[in-house]
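> Have a look at this one.
The values are calculated or read from the model by the stated rules, or taken from the named source; none is laboratory data. Bear in mind that the values here come from a model prediction, so they are computed numbers and not experimental data. Heads up, the Cβs are rebuilt from the backbone with ideal geometry, glycines too, and the neighbour counts pull from every protein chain shown. Protein only, heavy atoms only, side chains kept; ligands, DNA and RNA dropped before computing areas. Shrake-Rupley method; radii C 1.70, N 1.55, O 1.52, S 1.80 Å.
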Amino acid sequence: QVQLVESGGGLVQAGGSLRLSCAASGSIFRINAMGWYRQAPGKQRELVAALATGGGTNYADSVKGRFTISRDTAKNTVYLQMNSLKPEDTAVYYCNTLAMTRDYSILEVWGQGTLVTVSS
């Protein structure tokens, strides 16, 4: 089994910054890909940023130039650095991974979510 634990959410004023982290643990052989999604009140979950094993990245147009996804392979941790935050960034942010377990199963796993609130 694989678990994802998120941290770093909170309340911040517009223009401020936050850094989210997501640590994977459990019976892991390899992390193939990791990403961040968010869900605002009354809206569907959307992709924010994704990082593939080969290092390629993908960002939603609304966060390009403001958010950066990165990974610490040794710690099995992915980060989302969020700068120049706007009230419309307010949402619950979820970490997601595609992982291979030590018995060679492929699992898609979601974190518990961390709330980011941006005030004006």
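> Within the range 40-49, how many residues turn out to be open to solvent by 30 Å² or more (accessible area, probe 1.4 Å) and under 12 Å from the mean Cα position of the chain (by Cα)?
Count: 2.
> Let me ask something else about it. Quickly run through the range 1-37 and pick out the residues that are in a strand (DSSP E or B) and within 16 Å of Asn83 (Cα to Cα).
Within the range 1-37, Gly10, Leu11, Val12, Gln13, Leu18, Arg19, Leu20, Ser21, Trp36 meet the criteria.
> Which residues, counting only those in the range 50-76, are open to solvent by less than 60 Å² (accessible area, probe 1.4 Å), assigned to a loop (DSSP other than H, G, I, E, B) and not charged (D, E, K, R)?
Gly55, Gly56, Ala60, Asn76
> Okay, next question. So which pairs qualify, if the first residue must be in the range 45-59 and free of Cβ contacts under 8 Å to residues at least 24 places away in the same chain and at negative phi, the second must be of a type outside the set (A, V, I, L, M, F, W, C) and open to solvent by 50 Å² or more (accessible area, probe 1.4 Å), the Cβ gap must be under 6 Å, and the two must be at least 6 apart or on different chains?
Leu47/Tyr37; Ala50/Asn58
> Of the residues that make up the range 105-113, is at least one within 19 Å of Glu6 (Cβ to Cβ), outside any strand (DSSP E or B) and open to solvent by less than 40 Å² (accessible area, probe 1.4 Å)?
Yes: one or more hits.
> If the requirement is being touching a Ser or Thr at 6+ places or on another chain (Cβ under 6 Å), of a type in the set (Phe, Trp, Tyr) and either surrounded by 15 or more Cβ atoms within 10 Å (Cβ to Cβ) or in contact (Cβ under 8 Å) with a residue 40 or more places away in the chain (or both), which of these qualifies: Tyr79, Tyr37?
Tyr79
> Now for a different question. Anything in the range 82-102 that is under 12 Å from Ala50 (Cβ atoms) and either without any contact (Cβ under 8 Å) to a residue 24 or more places away in the chain or hydroxyl-bearing (Ser, Thr, Tyr) (or both)? List them, or say none.
Thr97
> Thr77 passes all but one of (1) more than 13 Å from the chain's Cα centre (by Cα); (2) of a type outside the set (Lys, Arg); (3) farther than 16 Å from Gly10 by Cβ; which number fails?
It is condition (1) that Thr77 fails.
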